[in-house]
1. If I ask for residues that are without any contact (Cβ under 8 Å) to a residue 24 or more places away in the chain and either of a type in the set (A, V, I, L, M, F, W, C) or assigned to a loop (DSSP other than H, G, I, E, B) (or both), which ones from region 66-101 would you list?
2. Being within 13 Å of Ser105 (Cα to Cα) and among the acidic types (Asp, Glu) is the filter here; which residues of region 143-157 pass it?
3. Could you list, in sequence order, all residues of region 155-175 that are over 18 Å from Trp228 (Cβ atoms) and crowded, with 21+ Cβ neighbours inside 10 Å?
4. Run Ala233 past the list (1) in contact with a His (Cβ under 8 Å, 6 or more places away or on another chain); (2) buried (at least 17 other Cβ atoms within 10 Å of the Cβ); (3) farther than 29 Å from Val77 by Cα and report the number of the one that doesn't hold.
5. Which of the numbered conditions does Arg193 fail, given that it passes all the others? Conditions: (1) in contact with a Pro (Cβ under 6 Å, 6 or more places away or on another chain); (2) closer than 28 Å to Gln141 by Cα; (3) not small (Gly, Ala, Ser).
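Every read-out reported here was derived from the displayed coordinates using simple, explicitly stated rules and does not represent laboratory data. In this text, all values refer to a predicted model and were calculated from it rather than measured experimentally. In this analysis, Cβ positions are derived from the backbone assuming ideal geometry, glycine residues included, and neighbour counts consider all displayed protein chains.
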Amino acid sequence: MNTSVTVLLVLLAAGCHRRVAPAPAPRRLVRLELPASLEPERQAYTSALEAARSHVVAWFDAQGLRLDDRELIDAAVVFADVADARRRLAKHFSVTEDQIPDGFSGTVDGKTLFLVPRAAYERTWARLYPEHPWSSGAYQQLMAHELAHRAHALEAVKRAGSEEGMGPRWFFEGLAITCAGQFAERPLPSLARAPFEALVTSDATQVLSYPLYGQMFTSVAERRPVRWLVEHAGRGDFAARLAAALPPAPAP
């Protein structure tokens, strides 16, 4: 028998006995609730949501933090406007409406993502971040930001037993901002030790701007891998250890 034919038969026989890996479970689409006025835009909202979900899973995976996207969310609710969001969320969380900020844009509770519509978010963005022009991808970045919080919370529970393991506000907000790619068109310079410590102190008593949270996170992420940061964020000496790793301010 021709040698090449013999080799081919051997390979075919081996293939017949090779175990075939099971196909991965099909990805489940997130159930999306929209107000009637946004039904004509359902496909655009669905596409943005699926892209944001894929982005967050890929970003966490790149940091060495494996994430099953089926654990993120299984439903998303888009409210009619900010007033509708405040009214319905107040009922959902059993709080008064004035406890939901007038700049509310999105949050995740359990496996449900809550969002204001794109147009409402654009108006809020213009009011809060006039120095950062609105972009076509900003709403998808909002989705990614909130999903990053959910992914981070899952990691914290897995590692520390509760969401307290997400660490201080500047850190979990900075991580979500960086994951989502927000404010990346005008990045702020890396912080030296003293300015970083001053911002950490300020954040303990007041909410800082989101661009500052992004700056704080990227400054420490230049010194430590993101996976290390996530693993140590719940420790009491977390900020002090990071400050010590930052360079002192340059001499005048």
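1. If we filter region 66-101 for residues that are without any contact (Cβ under 8 Å) to a residue 24 or more places away in the chain, which is where we start, we get 66, 68, 83, 86-88, 90-101.
Answer for region 66-101, where residues must be without any contact (Cβ under 8 Å) to a residue 24 or more places away in the chain and either of a type in the set (A, V, I, L, M, F, W, C) or assigned to a loop (DSSP other than H, G, I, E, B) (or both): Arg66, Asp68, Ala83, Ala90, Phe93, Ser94, Val95, Thr96, Ile100, Pro101.
2. Glu146
3. Scanning region 155-175 gives a single hit, Glu173.
4. (1)
5. Answer for Arg193: the failing condition is (2).
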